[in-house]
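Enquirer: Structure in structure tokens, see below.
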Amino acid sequence: MQLSVPIQGPSSGPSRLTLALRYLRRNKSLLVGLGLLAFLLIFSIGGSLLIDTSTRAYPLAAPSVQPPSAEYPLGTDKDGRDLLAVMARGILLTGTVGIIAGSVGIVVGVVLGFLAGYYGGKVDSVIRWVTEVLITIPPLILQIIIASTIVDKNKVTIFTMAGVASILSWMGTARVVRSQVLTMRERTFVSMAKLSGMSNLEIIFKELMPNMLPYLAASFVGAVMGAIGATFGLEVLGLGPAREPTIGMTIRWAQFHSAIFNQWWWWVLWPSLALIAIFASLSLINRGLDEIANPRVRRSE
Amino acid sequence: MTSLNGAGQIALEVNNLQVTYYTDSGRVKAVDGVDLTLKAGERLGLVGESGCGKSTLALALMRMIKPPGRIEAGSAIIHTDMGSIDLLKLNEEEIRQARLSKISYIPQGAMNSLNPVMRVGKQMIDAMRSHIPRASERELTERAEQALESVELKRSVFRMYPHELSGGMKQRVCIAIGILLSPKVIIADEPTSALDVVVQRQVMETICRVQEKIHAAVILIGHDMGLMAQITNRVAVMYAGKLVEVSTVREMFTDPLHPYAQALIRSLPNLDNKGIFQGIPGLAPSLLRLPSGCVFHPRCEHAMEICKSAPPPKSVTPAGRFVSCHLYDEQGNRAHVTGHKQKPVASP
Amino acid sequence: MKIGYLVRRFLFLVFVVWTAATVLFFIPRLSRVNPIRERFAEIQRSTGYAPRDLENIIKAFETKFGLDKPLIEQYLDYMGSVLRGDLGVSLMRYPRTVVDLIGQALPWTVILLTVTTLLTFLIGTGIGALAGWPRSPSWVKGMVTPLMVLAAVPGYLLGLLLIYFIAFRAKLLPLSGAYTTGRFLGPELSIEFILDVARHAILPALSLILTSVGFWALGMRGMGVTVQGEDYVNFAEHKGLKQGRIFYWYYVRNAILPQVTALALAFGSIVSAGILVENLYGFPGIGSLLNAAILANDFFVIYGIGMITIVAVGVSMMIIDLTYPLLDPRIRYDRK
């Protein structure tokens with residue numbers, strides 16, 4: 001398997017940026033995904049800067065159930081939240097949960113994957129076994145049990161959500177890293193590094209890590225998606241942070257107040273679009289990264 | 001094994017075959033104007049450096065060139081008792097029927113050429129069934145088991161899965177499949193390259209035996225000149241998509257005509273120059289940027305001025321040898337004696 | 001098939017279930033949440049009823065459920081009852097048992113999810129196989145991308161959309177439930193009833209199918225691209241086989257192997273896969289039961305659902321392991 005990492009390599013010839021841009025033109029999924037992500041970030045960060053989301057995204061900041069108007073471009077909900085502020089803040093909050101859980105997942109996954117792949121033996125058997133068992137159990141059900149039992153429903157914050165999502169966010173990474181380390185361990189550059197007296201840690205960080213970047217990036221994105229998906233599920237079921245205007249909670253409240261049967265379409269539409277945009281952008285980025293890691297898939301198109 | 005047994009009728013006639021690959025970096029003439037004639041029962045060795053177009057030639061005859069490759073021109077006529085057909089003019093359904101029944105292919109990667117989830121017998125019957133749809137199961141089974149026996153495998157292999165066979169056995173199964181419908185021409189593309197030396201010999205002998213039995217012409221692709229010398233009747237040397245010489249084995253090894261063939265033969269280890277390997281100076285050219293004139297001239301020790309500009313003629317000697325080189329005139333006599341000991345042109 | 005292998009495989013299943021049961025035993029005891037107290041708090045929130053001697057009531061309940069015994073004794077009791085198939089009583093519908101409630105909800109979920117899982121597998125794998133096949137027309141190859149975009153939409157959201165447009169605005173299909181409660185008193189075995197259920201199941205099924213076909217298509221296409229380049233597919237063409245035969249017996253038959261594993265896993269997660277969508281449509285399956293249990297703080301029902309989910313996964317994994325060698329002759333029972 002060949003890795004064609006566009007961003008790496010000596011910067012002779014065209015600059016890295018030009019190379020990256022040139023590559024993006026060929027990798028359409030990555031381009032569209034990153035574009036969508038940039039749009040979401042600009043919208044939510046810009047929105048948070050321009051309007052006071054810390055009050056307007058919370059109840060009683062506006063008149064109840066107003067359709068979109070000049071004053072409230074996206075309308076308001078039944079509890080008097082300005083949906084424009086809710087969207088700006090919600091995307092950031094939901095993103096934060098995803099990124100925290102994704103980061104925890106990637107760190108734990110990388111460490112366990114490396115341990116399993118590099119040292120092998122009993123360490124490998126135990127880690128692999130736990131990973132395989134956990135990966136087969138539907139995550140939502142475990143998270144529901146954990147969230148409903150350990151956490152006091154009325155004190156849930158976005159950090160609680162991130163914590164619950166983190167618990168099951170590392171298995172994919174661990175599995176990918178393990179198999180990559182196993183194949184790379186046998187390659188010449190690792191034995192060369194060993195012969196030249198590098199320590200295991202040095203080998204891991206200097207030789208193995210750079211080769212795994214596209215895989216790591218892809219599994220990070222995967223973990224973020226998994227976390228956002230799990231959080232959404234918990235929120236819809238009423239196990240989310242009741243006080244925070246995350247995307248999932250907004251949909252939960254809209255559904256709770258039968259927004260669609262009351263024809264308050266704006267209340268459902270915006271958070272739905274936001275969630276779809278988040279997922280679409282992440283899954284396109286993931287596909288794009290996959291193309292970098294496995295150029296073979298590309299050829300069929 | 002070098003006698004030209006039963007040669008007579010012409011089995012395959014290839015004329016001016018041209019295959020081009022349209023790649024991102026330009027057009028590549030992988031096979032460029034190849035002419036070749038094979039007699040029934042004859043074994044022709046096709047040699048050349050990797051990337052010279054041997055396998056492309058084989059795939060073109062099977063009509064298995066896939067985009068971005070294209071067969072641009074030429075004909076490949078198979079003569080049978082029931083008349084002649086031009087493989088390159090058949091439509092898709094006709095070529096499908098011609099495969100295996102008129103011309104069959106024994107693949108290079110026999111290790112992986114059998115469907116891992118299907119029993120060997122089923123794969124053989126599959127192959128026959130697609131050409132003779134009305135045959136009875138019993139008849140086909142019998143035929144498959146006979147074919148297995150003829151390649152020195154037990155009949156019980158019929159009921160086995162590929163993973164239960166050794167590499168040599170898998171290759172034999174592929175040979176058995178190749179002869180199931182007694183084709184006129186068999187193309188064997190480095191059929192033994194993945195096997196160890198002892199098994200290689202046995203498998204080669206098996207190919208020869210079954211080929212003699214069904215009196216088919218064989219094109220044996222490879223780069224092991226030693227093996228070629230023992231197995232084939234004639235040897236064709238290919239360089240950068242073109243045939244440069246076709247001679248009988250004896251002539252090729254004792255008196256090669258083309259400078260490239262000479263260099264190839266010289267590079268073989270033999271009793272006289274034990275251990276002293278003589279390579280061919282320079283690298284095989286990239287098919288993307290071929291030298292002008294004769295494609296071999298930058299590496300040729302006899303290169304002349306004309307070689308840089310004009311492509312060499314295709315000559316046939318009175319003895320029936322083919323050579324394409326400016327050293328020879330249209331009749332294959334040595335020409336241009338003057339100035340032929342020129343310094344080799346430095347390769348780029 | 002070797003008996004020893006069967007036994008080992010079964011012991012593994014028992015081990016998985018035992019681990020799951022143990023974890024489910026300890027999770028609530030690790031937390032400070034007291035299920036009975038939570039339940040009463042919930043009752044108080046929803047009805048305003050607050051018993052005066054709450055502490056005594058809680059004590060009495062704890063004695064009844066054995067929560068005041070030493071931990072090890074509780075654990076043994078618990079394991080004993082799990083072995084007997086007793087998952088405790090429901091707090092929200094006391095004195096009905098957890099097994100009883102799950103038994104009532106499970107058939108709905110199993111029927112809905114079996115049909116959708118199979119359809120999704122067939123459609124997705126079919127499209128993926130065609131998309132990875134070099135001779136397919138380009139519009140077929142292009143189908144994977146819109147399906148992937150659709151796969152980015154959570155089934156719950158698509159469900160909302162379908163409810164609004166198809167059920168609410170166009171009134172083509174019922175809004176919710178599993179059958180028309182006015183027409184039937186309860187489930188019955190008649191053609192009218194089955195048709196009625198089918199009508200109710202169309203939207204939930206569509207929400208689930210459309211949002212997951214993409215994953216199957218993508219997986220199959222990935223494998224297909226690999227297999228299509230294999231020597232045996234090539235050789236099959238050299239043998240002069242018809243395209244259709246190569247496509248099915250040489251290409252699909254090999255590329256589908258990982259999909260079958262995924263299918264078995266999908267069947268394993270059948271119990272939980274539809275939770276959100278069932279909820280949305282008020283479909284009386286496990287999802288709705290779970291939602292009700294979460295709202296009512298009925299922890300025993302939540303754990304019971306967790307338990308059968310894990311058992312389902314364990315059983316389906318055992319089934320994959322036992323049947324996979326039939327699909328792929330290279331895998332033997334005695335290995336591993």
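Quick note: the coordinates plus some simple rules give every number you see, no bench work behind them. Treat the numbers as computed from the prediction; the structure is a model and nothing was measured. Positions of Cβ are backbone-derived with ideal geometry, glycine not excepted, and every protein chain shown enters the neighbour counts.
Enquirer: Give me the extension gain from C:Phe15 to C:Asn56: residue separation times 0.36 nm, minus the current Cα-Cα distance, reported in nm with one decimal.
Expert: Length gained, C:Phe15 through C:Asn56: 10.9 nm.
Enquirer: Mind checking which of C:Ala262, C:Ala198, C:Met148 is farthest towards the positive end of the stretch C:113-297's charge dipole, using Cβ charges of +1 (Lys, Arg) and -1 (Asp, Glu) about the Cα centre?
Expert: So the residue we want is C:Met148.
Enquirer: Then there is this: On the principal axes of its Cα set, how long, how wide and how thick is chain A? Give whole Å, largest value first.
Expert: For chain A, the Cα extents along the three principal axes come out at 72, 50, 34 Å.
Enquirer: Shifting gears a bit: If we restrict to alpha carbons, what Rg and Dmax does the stretch B:10-223 come to, in Å?
Expert: Taking only Cα atoms of the stretch B:10-223, I get Rg and Dmax of 17.1, 53 Å.
Enquirer: Can you give the local net charge around C:Arg245? Use residues other than it whose beta-carbon is closer than 12 angstrom to its beta-carbon, Lys and Arg +1, Asp and Glu -1.
Expert: So the environment of C:Arg245 carries a net charge of +4.
Enquirer: Before rounding to the nearest 500, sum -39500 (n - 2.57) across all DSSP H runs of length at least 4 in chain C and divide by the residue total; then give [θ] at 222 nm in deg cm²/dmol.
Expert: About -21500 deg cm²/dmol.
Enquirer: Apply the a/c threshold of 1.5 to the C-alpha gyration tensor of the stretch B:36-78 and tell me whether it is rounded, prolate or oblate.
Expert: Numbers: a/c = 2.46, a/b = 1.30, b/c = 1.89.
Since a/c reaches 1.5 but b/c is at least a/b, the shape of the stretch B:36-78 is classed as oblate.
Enquirer: Moving to a separate point now. Could you tell me which of C:Ser138, C:Pro284, C:Ala167 has its Cα farthest along the dipole of the stretch C:113-297 towards the positive end, charges placed at Cβ (Lys, Arg +1; Asp, Glu -1), taken about the Cα centre?
Expert: Working it through, the farthest residue towards the positive pole turns out to be C:Ser138.
Enquirer: Mind pulling the angle between the C-alpha long axis of helix C:35-47 and the longest principal axis of chain C? Nearest 10 degrees, somewhere in 0 to 90.
Expert: With both axes taken from Cα atoms, the answer is about 80 degrees.
Enquirer: Continuing with the same structure: Taking the Cα centre of the protein assembly as shown as origin, sum charge times position over the Cβ atoms of Lys and Arg (+1) and Asp and Glu (-1), and report the length of that vector in debye to the nearest 20.
Expert: Working: 95 positive and 71 negative charges, 133 e Å.
For this selection, approximately 640 debye.
Enquirer: With charges set only on the Cβ (+1 for Lys and Arg, -1 for Asp and Glu), what does the dipole of chain B come to about its Cα centre, in debye to the nearest 20?
Expert: Roughly 300 debye for chain B.
Enquirer: Between C:Lys64 and C:Thr114, how high is the FRET efficiency from 1/(1 + (r/R0)^6) when r is the Cβ-Cβ distance and R₀ = 41 Å? Nearest 0.05. It would help to have the intermediate numbers written out before the result.
Expert: Working: r = 38 Å, r/R0 = 0.93.
That gives a FRET efficiency of 0.60.
Enquirer: What's the ranking of A:121-129, C:49-57, C:209-217 by average number of surrounding C-beta atoms within 10 Å, highest first?
Expert: Going from most to least packed, we get C:209-217, A:121-129, C:49-57.
Enquirer: Past 21 Å, Cα to Cα, is the threshold; run B:Lys242/C:Lys239; B:Lys242/B:Lys314; B:Lys54/B:Lys314; B:Lys102/B:Lys213; B:Lys39/C:Lys239; B:Lys54/B:Lys213 against it and keep the listed order.
Expert: Over 21 Å Cα-Cα: B:Lys242/C:Lys239; B:Lys39/C:Lys239; B:Lys54/B:Lys213.
Enquirer: Which of the residue pairs A:Lys28/B:Lys170; B:Lys66/B:Lys122; A:Lys28/B:Lys89; A:Lys153/C:Lys59 have a Cα-Cα distance greater than 31 Å in the structure shown? Write down the numbers at each step before the final one.
Expert: Values: A:Lys28/B:Lys170 43 Å; B:Lys66/B:Lys122 27 Å; A:Lys28/B:Lys89 40 Å; A:Lys153/C:Lys59 23 Å.
Table pairs above 31 Å Cα-Cα are A:Lys28/B:Lys170; A:Lys28/B:Lys89.
Enquirer: May I pose another question? Mind checking the mean number of beta-carbon atoms from other chains within 10 Å of the Cβ atoms in C:221-234? Please report the intermediate quantities before stating the final value.
Expert: Working: counts 3, 5, 0, 1, 7, 4, 0, 1, 3, 5, 10, 11, 2, 9.
The per-residue average across the peptide is 4.
Enquirer: With r defined as the distance between the Cβ atoms of A:Lys194 and B:Ser50 and R0 fixed at 45 Å, what FRET efficiency is calculated, to the nearest 0.05?
Expert: According to the calculation, E is roughly 0.85.
Enquirer: What ranking, highest mean first, results for peptides C:76-86, C:115-125, B:126-136 when packing means the other Cβ atoms within 10 Å averaged over each residue?
Expert: C:115-125, B:126-136, C:76-86
Enquirer: Angle check, please: helix B:92-101 long axis (alpha carbons) against the longest principal axis of chain B (alpha carbons), in degrees 0 to 90, nearest 10.
Expert: 80 degrees
Enquirer: I would also like to ask the following. Kindly rank B:78-90, B:43-55 from highest to lowest mean number of other beta carbons found within 10 Å of each residue.
Expert: Numbers: B:78-90: 14.3, B:43-55: 22.0.
For the peptides B:78-90, B:43-55, the packing ranking is B:43-55, B:78-90.
Enquirer: Something else: What is the magnitude of the charge dipole of chain C about its Cα centre, with +1 placed on the Cβ of each Lys and Arg, -1 on the Cβ of each Asp and Glu, and no other charges, expressed in debye to the nearest 20?
Expert: Here the size comes out at about 720 debye.
Enquirer: On average, how many beta carbons from a partner chain sit within 10 Å of the beta carbon of a residue in B:294-304?
Expert: Whole-number average of other-chain Cβ neighbours for B:294-304 is 0.
Enquirer: Shape verdict for the stretch C:113-297, please, from the Cα gyration tensor: rounded (a/c under 1.5), prolate (a/b greater than b/c) or oblate.
Expert: prolate
Enquirer: Oh, and also: Please name whichever of C:Met79, A:Phe39, A:Val181 sits farthest to the positive end of the charge dipole of the protein assembly as shown, dipole taken about the Cα centre and charges placed at Cβ: Lys and Arg +1, Asp and Glu -1.
Expert: A:Val181
Enquirer: Quick one: in the protein assembly as shown, what % of C-alpha pairs are over 36 Å apart?
Expert: For the protein assembly as shown, the share of Cα pairs beyond 36 Å comes to 63 percent.
Enquirer: Assuming R0 = 51 Å, can you tell me the calculated FRET efficiency for the pair A:Thr157 and C:Arg8, based on Cβ-Cβ distance, to the nearest 0.05?
Expert: My answer for the efficiency is 0.65.
Enquirer: Report, to two decimal places, the Cα Rg of chain C normalised by 2.2 N^0.38 Å (N = number of residues).
Expert: Details: Rg = 24.4 Å, N = 336, 2.2 N^0.38 = 20.1 Å.
Rg over 2.2 N^0.38 Å, computed on Cα atoms: 1.22.
Enquirer: In nm, give the distance between the simple-model label positions of B:Lys89 and A:Thr96, each being 7 Å from the Cα along the Cα-to-Cβ direction.
Expert: Here the answer is 7.8 nm between the modelled labels.
Enquirer: Also, I was wondering about something else. Gap in Å between the Cα centre of the stretch A:236-289 and the Cα centre of the stretch A:100-126?
Expert: If we compute the Cα centre of each part, the gap is 33 Å.
Enquirer: Moving on. Can you compute the helix-only [θ] at 222 nm over chain A? Use -39500 (n - 2.57) per DSSP H run of at least 4 residues, normalise by all residues, nearest 500 deg cm²/dmol.
Expert: -22000 deg cm²/dmol
Enquirer: Treat each spin label as a single point 7 Å out from the Cα along the C-beta direction, and report the C:Val140 to A:Phe256 distance in nm.
Expert: Once both label points are built, they end up 4.9 nm from each other.
Enquirer: Would you mind counting up the charge near B:Ile78? Only other residues with Cβ under 9 Å from its Cβ, with Lys and Arg at +1 and Asp and Glu at -1.
Expert: Charge balance near B:Ile78 sits at 0.
Enquirer: If you don't mind, there's one more thing I want to ask. Just counting partner chain Cβ atoms within 10 Å, what average do the residues of peptide C:305-314 show around their Cβ?
Expert: That average works out to 4.
Enquirer: Identify the chymotrypsin sites (Phe, Trp or Tyr not before Pro) of the stretch A:232-272 meeting these criteria: DSSP loop state and at most 13 other C-beta atoms within 10 Å of the C-beta.
Expert: A:Phe261
Enquirer: Same structure, new question: Filter chain A for me: DSSP H helices, axial length by Cα at least 30 angstrom, mean Kyte-Doolittle hydropathy not below 0.0. List them by residue number. If you can, show how the numbers build up before the last one.
Expert: Numbers: long enough: A:28-50 (32 Å, 2.04); A:83-114 (44 Å, 2.09); A:209-236 (39 Å, 1.22); A:265-293 (41 Å, 1.10).
Span-like helices, by this rule, are A:28-50, A:83-114, A:209-236, A:265-293.
Enquirer: Rounded, prolate or oblate: pick one for the stretch B:1-125, where a ≥ b ≥ c are the square roots of the eigenvalues of its C-alpha gyration tensor, a/c under 1.5 means rounded, and failing that, prolate if a/b is larger than b/c, else oblate.
Expert: Note, shape of the stretch B:1-125 comes out rounded.
Enquirer: Mind checking Rg over Rh on the stretch A:127-196, alpha carbons, Kirkwood formula for Rh?
Expert: Rounded to two decimals, Rg/Rh equals 1.24.
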